[in-house]
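Worksheet: one structure, shown below.
The values are calculated or read from the model by the stated rules, or taken from the named source; none is laboratory data. Predicted, not measured: the structure shown is a model, and the values here were computed from it. Every residue, glycine among them, receives a Cβ derived from its backbone with ideal geometry; neighbour counts consider all protein chains shown. Ligands, DNA and RNA are stripped out before the accessible areas are found, and what is left, the full protein with its side chains, is counted by its heavy atoms. Shrake-Rupley method; radii C 1.70, N 1.55, O 1.52, S 1.80 Å.
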Amino acid sequence: MACPNCTREDWNTFPMAYTRYASTEDDSLSFILVNGCAISKDSPGTYSFAALIFCTVAIIILSLWLSKKEVDYDLIQQTTQDYSIEVLNPPPDACDPEEWKTFFETILESECTDNHVVLCSIALNNQELIHHLAECRRLLLKLELMTPLGVKFDKENIDDVVNEIPIPPLWKRILCCASDPNKILSKIKFHEEQIKELSKADFDARKVFITFETEQAQRKAFELLDASGWEIMHNRGKDDRYRFRGETVLSVIEPDEPSAVRWQELNTPRKERICGALITTLISFGLIGGAGCLVYLARKLATAWQAVTIAAINIVTPLVCKILTKYESH
């Protein structure tokens, strides 16, 4: 279609559309490519809206169906989660498993035939101690992997073992990030000292995990201890019989699977979790904006630079995300 007033600059948009523009050899007349199909003004919008309604209804129905199936599959597959409850607000000094066992068996005594508590796990506010224990174990494993063939790794005589491990040359430490066994030994001794000091302290109870012998007992415990957020916050609204020690209204939920619990972060305060998630989210948005600007600037220079920039961003982004998730509490 002839377009005398059209110029090539009219198509200098993103994405480029120069393929829809043409001109004569002397540029005296311009042409543009148009769609020859007869399209109604109302039909596309109507069809799009109908498709949107259909997809929305389909997603809602599918979600309801999946929720029902999820419950059915959960009843078929029995796991530890189906027999356990998690107490979110135990008294700080409630560190005796027998006390918790007695409390739950007492309130369930007249409610169900089998009220036996088979397991009680109390998570203490000892996050720093757990960190040192985990780090010490990681360093010991690293040292064990460095031990030469034929040398027995003995934790009791760790100094003798380190003397048998060859020190990597400087170039290997720089290029391959090889570790010096003597430095690893120093870190191990530091963590062991911290463990000894922290082991002497008394830690408060942070969370309690109770496992019953039957699923009926778990459901009955949820029914008896069910309380609203207002009642838990103000410690009101429940009979003294269902209060721990006759004082505390307990907040109970169904716990995650043991393999899904992040044991080293159980004691992280909610405020710290929210702040960490907010900071990492803002950093992520900043990185997305920065990456977009880099791609835009590279595109203005040359198409080749745009491809190189995108490839570099794809390589760096997973590394940055790994660092962010390492410092964010989940």
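Filtering region 156-177 to residues that are free of Cβ contacts under 8 Å to residues at least 24 places away in the same chain, open to solvent by less than 100 Å² (accessible area, probe 1.4 Å) and of a type in the set (V, I, T) leaves V161, V162, I165, I167.
Among the residues of region 100-112, those that are surrounded by fewer than 18 Cβ atoms within 10 Å (Cβ to Cβ) and either part of a helix (DSSP H, G or I) or free of Cβ contacts under 8 Å to residues at least 60 places away in the same chain (or both) comprise K101, T102, E105, T106, E109, S110.
Exactly one residue out of R270, R245 is surrounded by fewer than 15 Cβ atoms within 10 Å (Cβ to Cβ), within 16 Å of the chain's Cα centre (by Cα) and closer than 21 Å to I85 by Cα: that is R270. Scanning region 113-136 for residues that are part of a helix (DSSP H, G or I) and not small (G, A, S) turns up Q127, E128, L129, I130, H131, H132, L133, E135, C136.
So is D180 modelled with pLDDT under 90 and open to solvent by 90 Å² or more (accessible area, probe 1.4 Å) or not? Judged against the criteria, D180 is not a match. Of all the criteria given as (1) over 30 Å from D204 (Cα atoms); (2) open to solvent by 70 Å² or more (accessible area, probe 1.4 Å), the one not satisfied by D96 is (1).
Under the condition of being among the charged types (D, E, K, R) and open to solvent by less than 80 Å² (accessible area, probe 1.4 Å), which residue from region 206-235 is farthest from Q81 (Cα to Cα)? Break it down into steps so the answer makes sense when it comes.
Just the residues of region 206-235 that are among the charged types (D, E, K, R), to begin with: 206-207, 213, 215, 219-220, 223, 226, 231.
Still in the list and also open to solvent by less than 80 Å² (accessible area, probe 1.4 Å): 206-207, 215, 220, 231.
Values: R206: 19, K207: 15, E215: 10, K220: 15, E231: 25 Å.
This residue is E231.
Checking each residue in region 273-312 for being more than 22 Å from I323 (Cα to Cα) and within 29 Å of the chain's Cα centre (by Cα) picks out only C293. Look at region 1-21: where a residue is within 25 Å of T303 (Cβ to Cβ) and a partner is modelled with pLDDT under 65, sitting 6+ places away or on another chain with Cβ atoms under 8 Å, you get R8/Y18; W11/A17; W11/Y18. One residue alone among A302, A298 is of a type outside the set (F, W, Y) and surrounded by 13 or more Cβ atoms within 10 Å (Cβ to Cβ), and that residue is A298.
K200 meets each of the listed conditions (1) closer than 17 Å to K142 by Cβ; (2) open to solvent by 90 Å² or more (accessible area, probe 1.4 Å) apart from (1). For the structure I just gave you, tell me whether I85 is surrounded by 16 or more Cβ atoms within 10 Å (Cβ to Cβ), over 30 Å from S228 (Cα atoms) and within 31 Å of the chain's Cα centre (by Cα). The answer is no for I85. Each residue in region 248-267 was checked for being within 27 Å of the chain's Cα centre (by Cα), farther than 21 Å from Q81 by Cβ and of a type in the set (A, V, I, L, M, F, W, C), and 0 pass. Checked against (1) open to solvent by 90 Å² or more (accessible area, probe 1.4 Å); (2) assigned to a helix (DSSP H, G or I); (3) not polar (S, T, N, Q), A58 passes all but a single condition, namely (1).
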